[in-house]
Structure formats: C-alpha cells, structure tokens
Amino acid sequence: MRDESPATSVRPRQPEAAAGATAVAHPNIALVKYWGKRDEQLVLPCVDSLSMTLDVFPTTTRVLLAPEAADDQVSLDGAPLAGEPLGRVTAFLELVREWAGRRERAVVDTRNTVPTGAGLASSASGFAALAVAAAAAYGLDLDATALSRLARRGSGSASRSVFGGFAVWHAALDAATPTEADLRSFAEPAPAHGLDPALVIAVVNAGPKSVSSREAMRRTVDTSPLYRPWAISSRDDLSDMRTALARGDLDAVGEIAERNALGMHATMLAARPAVRYLSPPTLTVLDAVLQLRRDGTSAYATMDAGPNVKVLCHRADADRVAQAVRGAAPQARVLVAGPGQGARLLDEAA
Ligand code: PMV
C-alpha cells in the first residue's frame, strides 16, 4: 500500500527498495578479549576489547520483510531455527523494529561458512551481517557507530565485526547511567601502522561448545576469584595493545594478545564449576607455538570460547607457522587468515 501523504513525499517510501536487503560480515578474533557483561540486556561489557576482523568465514544474511506473516521465520544454512537460537534472532529483530517504528515480520536466511558455536566467532559475523541487512530492510539509515551499537545487542563481539581490520569496542564504564552507556558502547577502527599480519587458525574441533559463551561469562563473573584481577589487568593490556598496534610491533601485539587470552582462560578455570574450553590438541598447538618462538619465528596464540587456536604471525611466516601447527595437530583443519573488511550490504542487482 502506498502512502501518498505530504509527510512521506518529503522522504518517499519505496516499498520495493526497502523490502529486503542482503549483507555480508566476517568474524573477528579479539587480541584483547571481551569477557563478562555488566548489563546482560543491553550487552554492556565489563572490559574494553580489541580485535582483528578476518578475511575468511563470511556470513551472508538476507532479510526480507513479510508484511503478511504472523511471526519471523529464520533459517541457518537452509534449516529453520527454533527454540533459543530463534528467540535470540527474533528479539534482535524486535529491537530493529522498535528503532524503525515498524511492525512487519521478516524472513531471514543466513549462510554461515564458519562452524557455528565452536568459538570461531560465528555470532560476531552472524549478528553483524544481520544488523546491516535488517537495518537496511527496515529502512533505517544508520552510520557505522549506530550499526555497531545495534550489532552489539545481538552479540557483543558483533559490534567489532562492523569494522574491517582492527577495531576497539568501548565498554563506556564511566557512563553515569545505563542509557548513556548504551549510547557510548560501540566499536570503532583502531589505528595500526606497518603491520602485515596473518592469523593461522587451527580448527581442532569444529563441534559446538559444551557451555555457551553467554553462560560461561556469567558463571565466571559471578564465581571466579580471578575475574576482577584479570579485568583490571586487561585495562593495561588494552592501552599497551593500542601503542603496539600504532607502532606496528607484531611481537608486542602478540605477547599482549597471548597473555590476555591465557588470563581469560584462567578466570574460567577458576570459576565454580570450572569452564574449560582448552583440550589436549589445544595444548599441543600451544607447545608448537612456543617452539616456533624458540626457533626465532614470531608466533603468538589466542583462544576463545572453544578449543581452537589462532596463531598471530607475520604474513611472510604464515606457511611455516601453518606447517608447524599441522605437525602438532594432524587432525586439525588449518587455514591462514588475514585482516578482512567490515560488514557491508551486497548489491543484490549485481
Ligand atoms: O560475542 P560473544 O557473546 O560470542 O562472546 C565472545 C567472547 C570471546 O570470543 C571469547 C572473546 C571476544 O572478545 O570475542
């Protein structure tokens, strides 16, 4: 139905143009981790974090408005979502509708090339792609900051996948109210100079994790005596990391990333009951990384909410590092990623 009222002639509605949109986004790997929320509903983190967006494992999401439908329909790789995963996407679409002042339901089709729920940041690429596609489909004209705030509400780490390269996500801890923090907690590009990095990714287990990152974070914040000390030391990690990136010092970047990740896993191991994502092949790969360093190659490991290891190195060393990682974990899928682009709309006509 076309609305011919004068108000809309100022900014004409174009039902055909706004009815659907497709976006692509890539996962990001944090070099200073986001671990712990201070507000679950607004997804406000307890710490600032900093990541590199990858050029592998894109998620492509199409959002089509369905004015006749009673409910949102969401499919992942062709299979309809139900239960909690569907609830999460529907709650996110509700937020987009609230921002847009619209009511129509949507049909969402997502194609993931990253294993879902395996600590390989599928939620980051997933919600970044969904934020960009849904905002466009519902006619919201958002800048990158607002898109990052929106993506954050789906999954914290998604706020960073809105940007390519390195991105820092502000926790806005000094905000006076949750509303102010909500406005100020977004990611933005982090300056880096003279780096040509690669992340060698060892997928030692592509299966879904036993404890979701959401539950693991909650348990760690609530019960781990190591959580506060780690969160405090992570402030230094972040400022040291920004300096190291700006200087293009890969060894410093890697050392900070590795200590920050090991510290994060220590907080989980001290939670009650413990959350342990690291498995025997994880440790074998960590040993191989130590050996690479002893042999003079700059290589530094980081792990997220899963057993898979990402090894930061100079791009020129990536093949050697990948070979060492393959030798250490012959059953692992090993691939080399570089810095990738931020989330963006795809031109459907193209
Ligand atoms: O965005 P979530 O809820 O999937 O949490 C991701 C948390 C880590 O991957 C472990 C760390 C990070 O900063 O990405």
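Just so it is clear, none of the values below were taken in a lab; they were calculated from the coordinates. Since the structure is predicted, the reported quantities are computational estimates derived from the model, not experimental observations. Cβ: placed from backbone, ideal geometry, glycine included. Neighbour counts: every protein chain shown.
Numbers at a glance
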item	result
Whole-number D in µm²/s for the chain (Stokes-Einstein; Kirkwood sum over Cα pairs; 25 °C, 0.890 mPa s)	119 µm²/s
Dipole of the range 13-100, positive end: most advanced residue of LEU44, THR90, LEU76 [Cβ charges, Cα centre]	LEU44
Proxy reagent accessibility, fewest Cβ within 10 Å first, across MET264, MET303	MET303, MET264
Candidate aspartates and glutamates - alpha carbon under 18 Å from LYS37, same-chain residues fewer than 8 apart omitted	ASP48, ASP174, GLU180, ASP182, GLU215, ASP222, ASP304
Inter-part distance where the range 282-340 and the range 63-95 are each reduced to a Cα centre, Å	37 Å
Reach of LYS310 by Cα under 18 Å, taken over lysines that are not fewer than 8 positions away in the same chain	LYS33, LYS209
More than 22 angstrom apart: percent of Cα pairs within the range 114-260	52 percent
Cα pair distances exceeding 25 angstrom across the range 11-192, given as percent	30 percent
Approximate shape of the range 274-350 as ellipsoid semi-axes (Cα gyration tensor, √5λ), whole Å, largest first	27, 18, 11
